[in-house]
1. With the requirement that a residue be within 14 Å of chain A (Cβ to nearest Cβ) and not in a strand (DSSP E or B), what does the range B:22-33 give you?
2. Take A:Ser237 and decide whether it is modelled with pLDDT under 95 and touching a strand residue (DSSP E or B) at 6+ places or on another chain (Cβ under 8 Å).
3. How about the range A:243-295: which of its residues are open to solvent by 10 Å² or more (accessible area, probe 1.4 Å), closer than 16 Å to A:Asp25 by Cα and in contact with a helix residue (DSSP H, G or I) (Cβ under 8 Å, 6 or more places away or on another chain)?
4. Considering only the range A:86-124, how many residues are within 13 Å of chain B (Cβ to nearest Cβ), within 14 Å of A:Ala15 (Cβ to Cβ) and in contact with a Gly (Cβ under 8 Å, 6 or more places away or on another chain)?
5. Got a sec? Which helices (runs of 4 or more DSSP H) wholly within the range B:37-98 have at least 3 residues that are closer than 17 Å to B:Gln10 by Cα and open to solvent by 10 Å² or more (accessible area, probe 1.4 Å)?
6. Would you check which residues across the range A:132-151 are part of a loop (DSSP other than H, G, I, E, B) and either touching a strand residue (DSSP E or B) at 6+ places or on another chain (Cβ under 6 Å) or open to solvent by less than 10 Å² (accessible area, probe 1.4 Å) (or both) and list them?
7. Would you confirm, using the coordinates I've provided, whether B:Ala95 is within 11 Å of chain A (Cβ to nearest Cβ) and out of contact with any helix residue (DSSP H, G or I) (no Cβ under 8 Å at 6 or more places or on another chain)?
8. Could we say that A:Ala230 is within 15 Å of the chain's Cα centre (by Cα) and within 16 Å of B:Gly11 (Cα to Cα) here?
Amino acid sequence: MEKLLGTDTVKRGMAQMQKGGVIMDVINAEQAKIAEASGAVAVMALERVPSDIRAAGGVARMADPRIVEEVMNAVSIPVMAKGRIGHIVEARILESMGVDYIDESEVLTPADEEYHLLKSDFTVPFVCGCRDLGEAARRIGEGASMLRTKGEPGTGNIVEAVRHMRKVLSQIRKVSVMSDDELMTEAKILGAPYEILREIKRTGKLPVVNFAAGGIATPADAALMMELGADGVFVGSGIFKSENPEKFASAIVQATTYFTDYELIGRLSKELGSAMKGIDISKLAPAERMQERGW
Amino acid sequence: MLTIGVLGLQGAVEEHLNQIKAAGEQAIIVKKPEQLEEIDGLIIPGGESTTMRKLMDRYGFMEPIKTFFEDKKPIFGTCAGMVLAANQLTGDEEAYLELMDISVKRNGFGRQRDSFEADLSIKGLDEPFKAVFIRAPFAEDIGEDVEILAVYEENVVAARQEHVLVSAFHPELTGDDRIMQLFIQMVKTSINKAELKTC
């Protein structure tokens, strides 16, 4: 009865257990407990939520390990943490601390503008952002066990998350009806590993779970992403930058589960107070956009 | 054809639905308590037990599932489902549905880095089963009426008590449907018994 750790099944399976759920950004034990009590399936421990990272400017790095540890000790649900794109050592530190999932995240300042982490080398599973099927397939090729659309983090504006989710899913539909002899050219156009594209064509879906992220601010936003085909949602600044985090968190969890029960979502939305203040994407200078980080 | 429901609040719902359908039975997602009346057996899937618990509380699942249980209809809990089915939980946490006389340790095998696969011998199956354990629980104290089906590193990881089946691992993540077949047999038996009573 040999014990195999860190296999693809075990790493991808962990994300499958998160499906239909909400993963919430938290910056301390107190927020982590609020998230857990509201029904989050996991928390993302970080030093600042994306909207504050945006406001603060400068270099955004992996969170102080003390914060990650504090959050891990506070809750019994899984704890994720972000490391910089391509930062092998930040990822290894988080792995050694026993975090349950690492987000190789464009929300932080990339450490490497050319190469992402070789995630298949790690025992800990990784989630990565994507804007289209090529990017999704490249990350899977490197060993990501879970994906999320990038959206535009810290904006409270759903438009980019919608664009990316629609893009990925429409490209999957396109690939799945292609003839075999068209596939290599499509792989070249998308910049996608051929073998992974072939698997997607055969099964008609991604081989890993794909959540929505980057701009979800209300229960209706979360339900919209589920309706479009997300497996679950990440909410970053949307909860703890709202007027009433407890209520927002619980309402977003319920709206994610019952995403087609519009009467319920209406009721949930009624007495929430105001959502986080959003940003018009067109007002962001190109250099302020996080989604272009990574390739 | 049997109708088997999968509690669809959160977690690996689709994987169970696919296995039920592949076995030739009808599968439905249970999102509202009244749907329990339409099904012959219930699966509580893997996922986050705390999340499912909050949603079950809020949407009034507790009593209807207890009634389902008292009507002797079969229930199968995997991982989070096993945690929710236990009569007791190790530590401070209160037990939830209390459907089986076991005490369960949540994340008994540890965090994600301790998650693993192993070939497991299961009572009633000829060949070992490739079992996938993810932040998995195990059962510690086992009541007299509980039949132990599988043990890993001296911890109980699958068990049955009358019409309730639990596993700490995830049969729905593998192509092997033998545990699902075992549960389908339990559902068939329960229907035969119910029919005998009404005759």
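1. B:Lys31, B:Lys32, B:Pro33
2. Taking the combined requirement at face value, the residue satisfies it.
3. Those that are open to solvent by 10 Å² or more (accessible area, probe 1.4 Å), closer than 16 Å to A:Asp25 by Cα and in contact with a helix residue (DSSP H, G or I) (Cβ under 8 Å, 6 or more places away or on another chain): A:Pro245, A:Glu246, A:Ser250, A:Ala275, A:Met276.
4. 2
5. Those helices (runs of 4 or more DSSP H) span B:49-58.
6. Answer for the range A:132-151, where residues must be part of a loop (DSSP other than H, G, I, E, B) and either touching a strand residue (DSSP E or B) at 6+ places or on another chain (Cβ under 6 Å) or open to solvent by less than 10 Å² (accessible area, probe 1.4 Å) (or both): A:Ala144, A:Ser145, A:Lys150, A:Gly151.
7. When the stated conditions are applied, B:Ala95 does not pass them.
8. yes
The values are calculated or read from the model by the stated rules, or taken from the named source; none is laboratory data. None of the values given here were measured: they were computed from a predicted structure. FYI the Cβ positions are ideal-geometry reconstructions off the backbone, even for glycines, and counts take in every protein chain you see. Calculation scope for accessible area: heavy atoms of the full protein, side chains included, ligands and nucleic acids excluded. Shrake-Rupley method; radii C 1.70, N 1.55, O 1.52, S 1.80 Å.
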